[in-house]
Each structure stands twice: as C-alpha cells, then as structure tokens.
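Enquirer: Structure below; questions to follow.
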Amino acid sequence: NFLVYPRRTIERALVEEFPRLRSASLNLNEMTLFITPEERLPFALYCADALNPTNASKCYFLDDEGLIFAVAPAFSGVTYFVYATRIPLENPTGERLVTVEEFKALSSFIKNLEILNIRATALEFGETEYNLLMPNGGKIIWRKGDDLAVIHSNLEAFLTNKTIKAQNNFLERILYLDLSTKNKIRWNFKE
C-alpha cells in the first residue's frame, strides 16, 4: 500500500546495499516515491600496501568516519592519506578498520602531529600496534589502546629536547621512533 510503506527499512537497506551512500531519504508525492541519496565523500584511502600506495594493487576510498566505501582509481603520487592493515582485507567495501570514535581520534592525532613538523603519509594497523609511516621511510610506533594525548605529549617533549633539536634533520634520518614502552622513546637511525 502506498500510504503505508516501510520508509526506514528501505532507507536502511539502501545504505547497507550501497556503501557509497551516506544516507537516502524517501518522500512520497502522490503516487510517486522519490529517493534522495547523499553520497560519501573521500577522506583518505585504504590500500593493501601502505609502504608503497602508488604501487598498491587496489586502493579504496574511506570517508571521514573510517568506512571503506568504493574502489579508488589509481593515483600518481600520494593524493590522500593512506590507512592500511598488515594483512589485507579480502572484501573491504562496507568495512571499518576501527570504530568511528577511534578513527576520528586517530585522524585528529595525525593532523595535530603537523604542529611538531611530523608529516606522515600512512598509518598501518598491526595486530598490537600502529605504525605511522613518514615520507622518508621512517616510522613512529605505538601500542594500540595507548592514550593518544600522552603519545603526543611524549613526542613533543622528546622533539623539543635540546639534544634532539641540535641534531640536523633528525626526523628525516630516523628509521623508527618507538613509543610502545611507557614513558620511554627508543629510536634508531637509517644506515
């Protein structure tokens, strides 16, 4: 019956069936059903190979809530920030890497690192840790579940230390900065 139709059920089914849709609203005008879709906007990429996203076999768009929603075209150069998993997802469309809250917290944390002159290209999700990849091939490592405000504070204190600041191109020379041990930072330089 056109007077009683399962509006919410249809809207929910459309969004579930087509991950590219953020929402779909239905309106009934006389005997015609109008569907107004709202598409998701690309925020970042999910790629199978975070270390080399330009050569990755397949990349997918992520929205600002961390939902993987569509296959991305091949890009020359790094156009979007990349999120990746050590073990590639088989059918990533419609999947989330983490909860919406955790994705937003990680995205904000990465954006705030620019204040410390840390410009990352990718975040790799390991089983127990995160690896933030730098353009020079170095990485910053921390454990999953650690407080991101504490990680940021520790990094800031470390990078503003006189000894570290006195070194030329410290961040470009690092192989890794490891923050996985509480209140300690270990690092190693590239050879």
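Enquirer: Averaged over all directions, how much area does the convex hull of the C-alpha atoms of segment 8-52 cover when projected, in nm²?
Expert: Reported value for the Cα convex hull: 4.1 nm².
Enquirer: 5 Å is the cut-off here: which amide hydrogens, built 1.01 Å from N in the peptide plane, fall below it relative to G94, excluding neighbours closer than 5 in sequence?
Expert: I68, F69
Enquirer: Something else about it: Take the alpha carbon atoms of segment 139-187, find their center, do the same for segment 28-43, and report the distance between the two centers in whole angstrom.
Expert: Distance between centres, Cα-based: 47 Å.
Enquirer: Treating the angle as unsigned and between 0 and 90°, give the value, to the nearest 10°, between the Cα long axis of helix 7-17 and the longest Cα principal axis of the chain.
Expert: Computed tilt is about 50 degrees.
Enquirer: Rounded to whole Hz and in sequence order, give me ³J(HN,Hα) for segment 31-46 from the Karplus expression 6.51 cos²θ - 1.76 cosθ + 1.60, θ = phi - 60°, writing x for Gly and Pro.
Expert: Calculated HN-Hα couplings, in order: 10, 10, 9, 9, 10, 10, x, 10, 7, 6, 9, x, 10, 7, 10, 10 Hz.
Enquirer: Let me ask something else. What's the carbon and sulfur percent of the chain's accessible surface, probe 1.4 angstrom, rounded to a whole number?
Expert: 52
Enquirer: Still on this model: Per residue, how much accessible area does the chain show when a 1.4 Å probe rolls over the protein heavy atoms, in square angstrom?
Expert: Here the residues of the chain average 61 Å² of exposed surface.
Enquirer: As I understand it, the value is the acute angle between the Cα axis of helix 148-159 and the longest principal axis of the Cα atoms of the chain; what does it come to in degrees, rounded to 10?
Expert: It is inclined by approximately 30 degrees.
Enquirer: Can I ask one more? Could you work out which residue, out of F18, F34, F170, moves most in a Gaussian network model of the chain, that is, has the largest mean-square fluctuation with Cα springs under 10 Å?
Expert: Result for the chain, Cα springs under 10 Å: F34 fluctuates most.
Enquirer: Tell me which label goes with the value of Rg and Dmax of the Cα atoms in Å computed from the coordinates here: [x] 20.0, 60; [y] 20.9, 76; [z] 18.3, 56.
Expert: Here the calculated entry is [y].
Enquirer: Can I ask one more? If one takes the longest principal axis of the Cα atoms in the chain, at what angle in degrees, from 0 to 90 and to the nearest 10, does the Cα axis of helix 100-112 lie?
Expert: So the helix axis and the longest Cα principal axis differ by about 40 degrees.
Enquirer: May I ask you to derive the relative contact order of the chain, considering only C-alpha pairs under 8 Å and at least 6 residues apart, and to give it as an integer percent?
Expert: Across the chain, relative contact order equals 13 percent.
Enquirer: Moving on to the next point. Which of E30, E39, E17 moves most in a GNM of the chain, Cα contacts under 10 Å?
Expert: Ranking E30, E39, E17 by mean-square fluctuation puts E30 first.
Enquirer: Please state, to two decimals, what the Cα-based radius of gyration of segment 63-117 comes to when divided by 2.2 N^0.38 Å (N = residues).
Expert: Taking N as the residue count of segment 63-117, the ratio is 1.26.
Enquirer: With each pseudo-label sitting 7 Å past Cα toward Cβ, what's the T9-T163 distance in nm, one decimal?
Expert: 6.8
The values are calculated or read from the model by the stated rules, or taken from the named source; none is laboratory data. No experiment lies behind these values; they were computed from the predicted model shown. Note: ideal-geometry Cβ built from the backbone for every residue, glycine included; neighbour counts use all protein chains shown. All accessible areas refer to the heavy atoms of the entire protein, side chains included, with ligands and DNA or RNA removed. Shrake-Rupley method; radii C 1.70, N 1.55, O 1.52, S 1.80 Å.
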